[in-house]
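Okay, structure first, notes after.
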């Protein structure tokens with residue numbers, strides 16, 4: 001058993017190691033981190049800090065996935081407190097005053113715990129989070145230097161300030177602008193004597209660490225798990241995240257996409273997968289995939305199973321997303337993959353990386369779906385209308401949108417190889433006529449966008 005701690009500016013690493021030397025320390029949690037195989041059944045995960053502004057944030061379903069794997073999850077202080085307030089009914093444990101304030105509606109916005117900090121060098125925050133200022137105001141009221149109404153007005157003024165601008169100097173200036181001079185002097189004096197006097201985030205983090213230590217010391221810990229009776233949270237997005245982050249190799253989803261797109265024999269692989277995988281009806285059941293088709297499409301559809309010409313009616317409708325974190329499913333789908341295929345995937349992804357690195361601001365999302373449709377139709381030797389849609393289903397893509405998304409990471413290198421006349425080693429040589437130089441340039445030039453920031 002191990003305690004995994006995801007922490008950043010809320011609590012310095014030396015302080016954590018001093019009190020809990022056996023903890024496994026990670027940086028602030030980000031999207032995908034909790035799928036790591038390093039977190040095993042019986043472990044405890046403490047979520048304190050997380051990245052959420054300029055990178056994809058930790059999703060709720062990622063926490064539910066961890067809970068379902070038998071891992072205890074504790075949240076406190078920062079994004080951990082937010083997620084615990086939202087998921088404590090599903091088994092996540094919330095700790096500390098910040099969690100309590102979110103549970104009771106004192107705070108609602110995530111800017112109350114947000115801290116701007118550099119990704120390199122010291123993780124120390126550049127601004128003071130609102131929850132720490134709230135702690136200072138409560139203490140100021142107890143000390144008689146700030147009235148209740150004055151505290152409400154001051155908090156409203158601080159909330160109107162964009163969170164990275166709430167630096168110590170700016171906060172003191174705003175307090176004085178609100179004519180709370182007595183509180184400003186008292187606040188500055190207290191911080192001068194004890195810089196961490198009102199650091200509620202740090203206090204809550206330490207409380208969470210202490211709880212994790214106690215849970216880890218139990219002989220037979222009992223993770224809370226996901227609440228029974230909850231609606232099904234294992235959506236397509238969750239499966240896609242698992243395929244990207246929880247697989248044995250990080251590029252496994254790209255390797256499958258390459259087979260789906262460029263292997264002429266993949267439709268047979270996909271059909272065998274449907275008949276053998278639990279993704280579309282349990283093969284362990286007595287009626288297996290045949291029974292699944294009967295239940296989903298009706299008894300007439302069962303006749304299509306034995307006619308290769310009619311199977312496309314089934315694959316057009318039944319198109320489950322595989323679970324590549326399941327070694328058996330991965331093996332079924334990659335059974336025709338060769339060493340040359342793996343080498344080509346690695347090479348093409350490296351070409352993509354270099355292309356994006358040398359062209360800042362470009363994005364695969366800017367390659368139009370229509371361009372992908374034309375190229376896929378050429379590769380598969382079909383028309384761009386209904387034939388293309390049916391071929392998508394035969395290759396395990398529910399629709400053109402998913403096929404285009406799988407193709408985009410290969411588009412730049414594929415077109416480059418086609419233009420240079422070196423794509424003859426690809427498994428689709430018979431059905432892959434060369435794209436013109438103009439087409440290649442057009443699609444490659446579409447890979448551009450301004451710098452994109454996301455916030456969850």
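What follows is calculated from the coordinates using simple rules that are stated; it is not laboratory data. Fair warning: this is a prediction, and the values are worked out from it, not measured in the lab. When we count neighbours, we look across all protein chains shown, and the Cβ atoms used for this are built from the backbone with ideal geometry, even at glycine.
Once a ≥ b ≥ c are taken as the square roots of the eigenvalues of the Cα gyration tensor of region 61-197, is the result rounded (a/c under 1.5), prolate (a/b larger than b/c) or oblate (a/b not larger than b/c)? Prolate. Rounded, prolate or oblate, given the Cα gyration tensor of region 134-195, with a/c below 1.5 counting as rounded? Since a/c reaches 1.5 but b/c is at least a/b, the shape of region 134-195 is classed as oblate.
Please state, as a whole number in µm²/s, the translational diffusion coefficient that the Stokes-Einstein equation yields for region 351-406 at 10 °C and 1.306 mPa s, with Rh defined as the Kirkwood radius across alpha carbon pairs. Please report the intermediate quantities before stating the final value.
Details: Rh = 12.2 Å.
Translational diffusion coefficient: 130 µm²/s.
In which sequence would 16, 106 go, from the one with the fewest C-beta neighbours within 10 Å to the one with the most? Could you put the intermediate results ahead of the total?
On the way: 16 19, 106 14.
Final ranking by Cβ density, sparse to dense: 106, 16.
Every helix of 4 or more DSSP H residues in the chain counts as -39500 (n - 2.57), and over all residues that averages to -15000 deg cm²/dmol at 222 nm.
Shape class for region 247-333, computed from the alpha carbon gyration tensor (a ≥ b ≥ c): oblate, with a/c not under 1.5 and a/b at or below b/c.
So for region 268-390, what percent of the C-alpha to C-alpha distances run longer than 25 Å? Of all Cα-Cα distances in region 268-390, 45 percent exceed 25 Å.
Take the Cα of residue 156, step 7 Å toward its Cβ, do the same at residue 22, and the gap between the two points is 5.2 nm.
Semi-axes of the equivalent ellipsoid of the chain are 51, 27, 19 Å, computed as sqrt(5λ) over the eigenvalues of the C-alpha gyration tensor in descending order.
Take 245, 410 and order them by how many other Cβ atoms sit within 10 Å, fewest up front.
Numbers: 245 19, 410 24.
Result, fewest neighbours first: 245, 410.
Sorted on the mean count of surrounding Cβ atoms within 10 Å across their residues, most packed first, peptides 26-35, 324-333 read 26-35, 324-333.
Annotation for region 177-199 versus region 18-77: alpha-carbon center distance of 34 Å.
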